[in-house]
Each structure stands twice: as structure tokens, then as C-alpha cells.
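The values are calculated or read from the model by the stated rules, or taken from the named source; none is laboratory data. Just so you know, these numbers come straight off a predicted model, no measurement behind them. Every residue, glycine among them, receives a Cβ derived from its backbone with ideal geometry; neighbour counts consider all protein chains shown.
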Amino acid sequence: MDTETQLFTVSIYTENNVGLLNRISAIFQRRKINIESINSSISEIDGVSRWSIVVAVSETQMRKIIGQIEKQVEVIKAYYHDDEETIYQESCLFKIKSDLLFEDRQIQNIIKESHARIVTVNREFFVLEKSGRKEEVELLYRELKPFGIMQFVRSGRISVTKEELKVTPILEAFHA
Amino acid sequence: MEVKTIQNEQTTTSTTERITGSEAVVKCLLAEGVSIIYGYPGGAIMPVYDELYKYQDKLHHVLTRHEQGATHAAQGYARISGKVGVAIATSGPGATNLITGIADAQIDSTPMVCITGQVGSHLLGSDAFQETDIVGISTPVTKWNHQITKASEIPEVLAKAFYIAKSGRPGPVLIDITKDAQFEAFDFEYKKCTAIRSYIPVPPVDDSAIVAAAKLINEAKKPMIVWGQGVVLGEAEKELTAVIEKANIPSAWTILGASAIPTSHPLNIGMVGMHGNYAPNVLTNQCDVLIAIGMRFDDRVTGNLATYAKQAKVIHFEIDPSEIDKNVKADVAVLGNAKESLEKILPYLKRNEHPEWRQQFQDLYDIEFKKVINNDLNPTKEGLTMGEVLKEINIHSKGNAALVSDVGQHQMVACRYAEFNVTKSNITSGGLGTMGFALPAAIGAKMAAPDRDVVAIIGDGGYQMTIQELGTIFQTQVPVKIVVLNNDFLGMVRQWQELFFDRRYASTELVNPDFVTIAKGYHIEAKRVTKREELAASIEAMFAHEGAYFLEVCVEKEGNVFPMIPTGASVSEVRLE
């Protein structure tokens, strides 16, 4: 059995019900697995939620966890993929003092080269937004850190898979 | 004070009527064919109790003495009848007291619906009196749960609750209903739930898996079956019998699979696992094809997984896809319910005899008989054994009683030595190992099967965990037979202390009360046996007595249960002494 830990993105299609977050996170908690990031949103199917959960586990463990997730009554389907099999993005916001933007040329270059976007500017601070892979976001963080970051926040990973996820046929089969 | 037997047929109301949420709860239960529920009233569930009062000739409510007792009684009811057991309690402590029974039902796949009252919806989250987040608390131990804050949700949610509890791999469901939803009036209409789009209770049987499994079984020289509760829950007893008889496959069972096939059947080779029989444990590591049917390779069954049946091809018949490859890798997985799968595989199986292979089981049984069984059942030394008590029970039940055991040494002895002719006769807490299970579970079992003898076999430790349910027995006059095997110890823990902790008996010795006096305090006929000469007559008297009966048997204090697979050892390293 493999015991090597790797990063997986779990994609879950569920009904949109109160309490399901608790039920799904309990599956990880019970096995003492730390969730790296979690995101829940609407999906391409009306009334169906899509979750992206990133965890570092072995593939054997991952398969068993997917089984436990799918077993939940309100889960329609669950999948897991490694980084190669998905296209994923994270998003982050930096709040930085405005005087730096005008006084320091270097910071302007960093913003330009990183393809970050200025969301708002006022007399006290400006807000920078950057979407991309985790490494890109982290690089920008490291570059801006020496100038002083007032606030920083990064979203959980959202991802789509390269393979087709056949969730609609499952639901169509039910209604047929 | 008589236990009413009410038969409620399942119905669907097509007309709409304006009623309160609490009356709707009762009407939903009636529509689901429920005739007995177990519970305990309190503030947040009082509107429902008020309706129960009005409907008492249609729906019998049994007042237990503790909410945990209500869940175990509902479990006992469910396990012997195959129907959904129902427990009801108030909010806060009433609800949290249900949790042990719910967790037990979850791990043992018992269909149960629990209904709890909740504070008014405007008070949710305010730390109101007797408010607790029971949906949050029960989430990890329920198959499904839901909170209702509007009366109009009641019919649909309760219909779903019963459907989910019973379908597929059964389990407990908890429905929490706020007090305002109980009072609210709405237009009631009930429709049974028959499907939920995100839920596939029974995966379809794949015919190619059936063919692959049949090929492995037909080619096997040393096949062995281990069946579990999936056979009982799936009502596949006949189909299993047909399969094992056609191919002459020695067949063993897990603790919860017991009684699916009569113990007297020549191909029934006994129990597997930590205190199971010698032959099926040892030969698990010699068979060439291991056929697991409706069982989940629990660690108490497999011992050390690294050395479990490594030489064998494994076929796993299973309703729950998440069990496949969870503990033991399956070479062929046959998803689906056991009844359908076994019915489908039967025509593909060749007739077979396996005489030499079967003889190996007989030879090992003879060793176990000489070293263990004979000493347990026919002891010559002083001190009553638990085994001889079981032997006497078998003589008087003729194998037709349902045995409800608690947890510990007496449970292992009961499961090892009980004779069963009838399925759904072994009711015990397997997965969770809940001490205190048996007394209330026996109450529920007897109410569900009033025509059968129901004998609770309990240790002196577990008995005192739910001893207050004697009050329920007295009040309802339910004629259960209670046998307490008293060794003044928490016997199983003491056995481990003896074997693995150099006899340091930390907190396992019990200074017990006079159990006979306690039973008599509840006006239950009671007797104590201390001598071998009195045993047979006492058990005969217990069976002959019409009402409830309490029998305390003082057994040897430091008896041990063997065979035993020590933790971490392989099944083939099972010890006989």
C-alpha cells in the first residue's frame, strides 16, 4: 500500500443543504487530516453545489475518503485529482500603504511584472488583487513583504478538471 | 398495564387536512406503519407528547427510564423485526442521551429514526434552556439528520427519514423539530419517499462480477465463506443456504451474522474473530478463495491485516461501495444486495463436495472441543461456567429463543454457544461494544416479537449501566427473561489485565448490590443460583414463568474466554489457552 503523501484536489457535487459542511469536514477530522483549503460555490448545474477541497494524503487514504464522502446521502458525486489533472487558481488581496505606490518605483515594477491588478486606491492605502497558482501568489507575497503589507488574504483553491465529470447524466438518469 | 399489540399498515394520505406540526409527526409515524415508539418527555417535545396522548390507542409509547434506554429498545425492536425502530426525546440532555444508541445503530447498521424536540426557532443559538446543537453533535454518527423549523417540512422530512434509515445499508436518522414548528398549523399531506436523487441505496449488480466470482468459486479447492449482518439485513438467508449447499462451502459468520443459518447446519463452521472458533480462524489463512458476504472485515474479525488471508483470492459481496478495499483488497467485488447477488450467482455455481477440506474444519473443531468447549459446557471443577448456563438455556429454548447479549465475556460465550434455529435471533452490540445495551434492547425485541422467548444475557457490569430499565419492564409488564452472569468483575477487562497487564486488576472488581432484591423491588420474579445442582431447574423455572423473570447466576470469578486472538496477532495465531 502506498503511504506517500501528495496533494489532491477533491471535487464534490452536492445538494445545497445546511449542515453538509459539518458532515463532510467530519470525515477529514475523524482521520486527523488537516484541510489545506476549502471552497464551496454554485456549479454548472442549477441548485447543485460544487466543493473544492485540497488535502495532502496518500492515494489509498484518498480513495477511502472519497468512498466515505460519496456515501453521504446528499452528495451526488465525489472525485479526486492531482495537480496535473486539474486547472486551478487561487486569488489573493494585499492592502498596502498608498505613499509606497507613489514614492517607490520598485513596487510599481513588481505590480506590473506580476500582472496583479489594483482594485482601489485612496489617500491611505491601495488594494492589489492577484489570481494564479499558489507559487505565483506566494512569490508576489515575498516580493511585497519588505515594503510592509497592512493586510493579506488568500482564497482557497478553485479548480476544474481536465477530464469530463459526468454529473449531469447521473441527475438525468434519476429524473428519467 | 398490558403491552398492546397494534398493527399499523403503511398508508399514504391523499387528502389534505389542516393540523398542527405535532399531530403531523404522529400521523407520519402511523403512515409509516409504526405501532410502538420508545421515549421520554420533556419541555421541547411536549406538543408531540400531547398528540401521543390523543393517539394512544393507535400508537403505543413506551416510557423508558433514560433516553439511552429508548434508543437501545428501538434498536432491539429493529433488529428482531427488520422494521425501523423509533425513539423520541426532548431537547438538550434528552437529545444528548440518545447519542450512544445512535452511534451504536450507525456502526451496526440498524434502521432507526430518532425524533428530538428543540427550542423555538427564534431561540436557536441563544443558549436557551435545554438548547443543544443536536444536529451538529449527531452528524458524525447518523446516516442523515435534519432540523425542522417549519411545520410544513414535517411530512417530507419524516418520509425521507424512514426511507433513508431503512434503505440500502440501514442506519440511524435524527430529526430535530423546533417547538414552534410543533405548534404551527399547516395543510398536511403525506407521501412516502421512494427515491432521493443524490442517494443510491443499492448499487446495481454487475453480471460480469457474478461470472468472475462464480469462476473463482468453481475453481477453488479450499473455499470458505464468511458472512455478516448483510445477509440478515438483506433477508438473504435462503439464498445463502442454497449457495453453500450447492457448492458445499464451509461457512463462518461474524458476530452480527449469527443465526442467519441455523447453528446445527453441517456447513455452519462457527464464528470468526477475536473469540471466534478455532477452525475458521486458523483456516482463514489456508483457504484459497475467501468469500465475504455482507461483512466489513472489522479489526476484531481480521486480527493483523498484514497476515490476513494473504494466500487467498478474496470475493466481496457488499452493498456499500465504500467497504470495498477499505480493509481487505477484493479480487472480485460484487456490489449489490446479498439476496439479489446470491440468487444471481447460484445457477453459475457447480456442485462440489470438498470432503478433505471440510474434514480439516472438523479436525480443528475436535481440538477446540477437547481443549475449550468441553470444559466450558461440561465442567467438572467447582464454580459455574458461563458456558454451562448457555447450554441449559439452549436445552430449554430448543434453539428458538432470541438472545440479547450485552458486551464482554458473557457476550462472547453467548455468541459462541447459543443454538439458533431462527434468523434475527442474535441481538447484540457488535461494532460499538456498548455496555448497557442488552436490557433495554431485550424490551424492544420482546415487544416486536411477543410470541418469541427473548432472553437477555448480561454481565454484572453492563447490567448496572441501564439497570433502571427494570422500571420499564415493571410498568409495561413485558415478559423478558433476564439472566445476569455475575462474576463480580468487569470480566473481559480483567481477562486482559490477567493476560497482558500482569494481573494488575485496576478498577475491574465490582462490589455488587443484591440484584435479586433490586429485581423484587420492581416486582419482578427473581432468583439467584450459586450451585450447579440448581442450574437446570432454575432455568426451566425461568422459561416456565409467564411474566418477566430475573435470574442471577453466580459464575466463577476468574474464568477466561478462549479461543482468543491477541490484539495485533494473526488469525492463525489464535490461542486455545
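Descriptive notes on the structure:
- Number of positions in the range B:116-140 that are assigned to a helix (DSSP H, G or I) and either buried (at least 22 other Cβ atoms within 10 Å of the Cβ) or in contact with a Phe, Trp or Tyr (Cβ under 6 Å, 6 or more places away or on another chain) (or both): 2
- Residues of the range B:114-142 satisfying the condition of being on the phi < 0 side of the Ramachandran plot, in contact (Cβ under 8 Å) with a residue 24 or more places away in the chain and more than 14 Å from chain A (Cβ to nearest Cβ): B:C114, B:I115, B:T116, B:G117, B:V119, B:G120, B:H122, B:F129, B:E131, B:T132
- Screening A:V55 against (1) of a type outside the set (F, W, Y); (2) crowded, with 21+ Cβ neighbours inside 10 Å; (3) part of a loop (DSSP other than H, G, I, E, B); (4) more than 14 Å from every other protein chain (Cβ to nearest Cβ) leaves a single unmet condition, (3).
- Pick from the range B:371-388, criterion out of contact with any helix residue (DSSP H, G or I) (no Cβ under 7 Å at 6 or more places or on another chain) and in a helix (DSSP H, G or I), ranking: farthest from B:N218 (Cα to Cα): B:N375
- Among residues of the range B:158-199 being assigned to a strand (DSSP E or B) and aromatic (F, W, Y), the one that is nearest to the other protein chains (Cβ to nearest Cβ) is B:Y199.
- When B:N375, B:N327, B:N394 are screened for being under 30 Å from B:R494 (Cα atoms), within 14 Å of chain A (Cβ to nearest Cβ) and not hydrophobic (A, V, I, L, M, F, W, C), only B:N327 passes.
- Residues of the range B:220-241 satisfying the condition of being surrounded by fewer than 18 Cβ atoms within 10 Å (Cβ to Cβ) and either touching a residue at least 24 places away in the same chain (Cβ under 8 Å) or within 14 Å of another protein chain (Cβ to nearest Cβ) (or both): B:K221, B:E235
- Beta carbons closer than 9 Å, at least 6 apart along the sequence or on distinct chains, pair a first residue in the range A:103-127 that is closer than 15 Å to A:L139 by Cβ with a second that is in a loop (DSSP other than H, G, I, E, B) and among the aliphatic types (A, V, I, L, M) for A:I110/A:A116.
Each row is one residue, and each column tells you yes or no for (1) at pLDDT below 95; (2) in the same structural domain as B:K150 (by TED's automatic domain parsing); (3) more than 24 Å from the chain's Cα centre (by Cα).
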{"residue": "B:K160", "(1), (2), (3)": "no, yes, no"}
{"residue": "B:A165", "(1), (2), (3)": "no, yes, no"}
{"residue": "B:G168", "(1), (2), (3)": "no, yes, no"}
{"residue": "B:G171", "(1), (2), (3)": "no, yes, no"}
{"residue": "B:D176", "(1), (2), (3)": "no, yes, yes"}
{"residue": "B:D180", "(1), (2), (3)": "no, yes, yes"}
{"residue": "B:E184", "(1), (2), (3)": "no, yes, yes"}
{"residue": "B:R197", "(1), (2), (3)": "yes, no, yes"}
{"residue": "B:V202", "(1), (2), (3)": "no, no, no"}
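- In the set B:T254, B:T241, only one residue is within 20 Å of B:H410 (Cβ to Cβ) and polar (S, T, N, Q); that residue is B:T254.
- The listed residue being more than 14 Å from chain A (Cβ to nearest Cβ), not in a helix (DSSP H, G or I) and not hydrophobic (A, V, I, L, M, F, W, C), out of B:E368, B:E353, B:E343: B:E353
- Residue in the range B:68-77 that is under 27 Å from B:Q7 (Cα atoms), in contact (Cβ under 8 Å) with a residue 60 or more places away in the chain, under 26 Å from the mean Cα position of the chain (by Cα) and surrounded by fewer than 22 Cβ atoms within 10 Å (Cβ to Cβ) present: no
- Residue in the range A:77-84 that is buried (at least 17 other Cβ atoms within 10 Å of the Cβ), over 15 Å from the mean Cα position of the chain (by Cα), away from every other protein chain (no Cβ under 14 Å) and over 28 Å from B:I196 (Cβ atoms) present: no
- For the range A:123-176, a tally of residues being within 14 Å of chain B (Cβ to nearest Cβ) and in contact with a Lys or Arg (Cβ under 8 Å, 6 or more places away or on another chain) returns 5.
- Residues that are farther than 18 Å from B:I200 by Cβ and within 7 Å of another protein chain (Cβ to nearest Cβ) within the range A:64-73 comprise just one, A:K64.
- Only residues that are of a type in the set (V, I, T) and in contact with a Gly (Cβ under 7 Å, 6 or more places away or on another chain) were counted in the range B:231-262, giving 4.
- Applying the criterion of being closer than 16 Å to B:F162 by Cα and not β-branched (V, I, T) to the residues of the range B:172-188, the residue that is surrounded by the most Cβ atoms within 10 Å (Cβ to Cβ) is B:P172.
- Unique match (being over 19 Å from B:A236 (Cα atoms) and not β-branched (V, I, T)) among B:E340, B:E368: B:E368
- Flag for B:T110 being on the phi < 0 side of the Ramachandran plot, of a type in the set (S, T, Y), in a loop (DSSP other than H, G, I, E, B) and touching a residue at least 60 places away in the same chain (Cβ under 8 Å): yes
- Single unsatisfied condition, B:T149 versus (1) touching a Lys or Arg at 6+ places or on another chain (Cβ under 9 Å); (2) surrounded by fewer than 22 Cβ atoms within 10 Å (Cβ to Cβ): (1)
- Extreme residue, surrounded by the most Cβ atoms within 10 Å (Cβ to Cβ), among residues of the range A:25-52 that are in a loop (DSSP other than H, G, I, E, B) and not hydrophobic (A, V, I, L, M, F, W, C): A:S43
- Within the range B:310-323, the set of residues being crowded, with 19+ Cβ neighbours inside 10 Å and either within 14 Å of chain A (Cβ to nearest Cβ) or not in a strand (DSSP E or B) (or both) comprises B:A312, B:H316, B:E318, B:I319, B:D320, B:E323.
- Qualifying residue in the range B:306-329 (condition: farther than 26 Å from A:I69 by Cβ and aromatic (F, W, Y)): yes
- Evaluation of B:I107 against (1) more than 12 Å from the chain's Cα centre (by Cα); (2) surrounded by fewer than 24 Cβ atoms within 10 Å (Cβ to Cβ) (one fails), failing number: (1)
- A:I12 vs. criteria over 21 Å from B:I137 (Cα atoms), facing chain B (nearest Cβ under 9 Å), touching a helix residue (DSSP H, G or I) at 6+ places or on another chain (Cβ under 8 Å) and part of a strand (DSSP E or B): no
- Residue in the range A:101-114 that is surrounded by 14 or more Cβ atoms within 10 Å (Cβ to Cβ) and either in the same structural domain as A:S11 (by TED's automatic domain parsing) or of a type in the set (F, W, Y) (or both) present: no
- In the range A:119-157, the residues that are surrounded by 12 or more Cβ atoms within 10 Å (Cβ to Cβ), of a type in the set (D, E, K, R) and not in a strand (DSSP E or B): A:R133, A:K134, A:E136, A:E138, A:E143, A:R157
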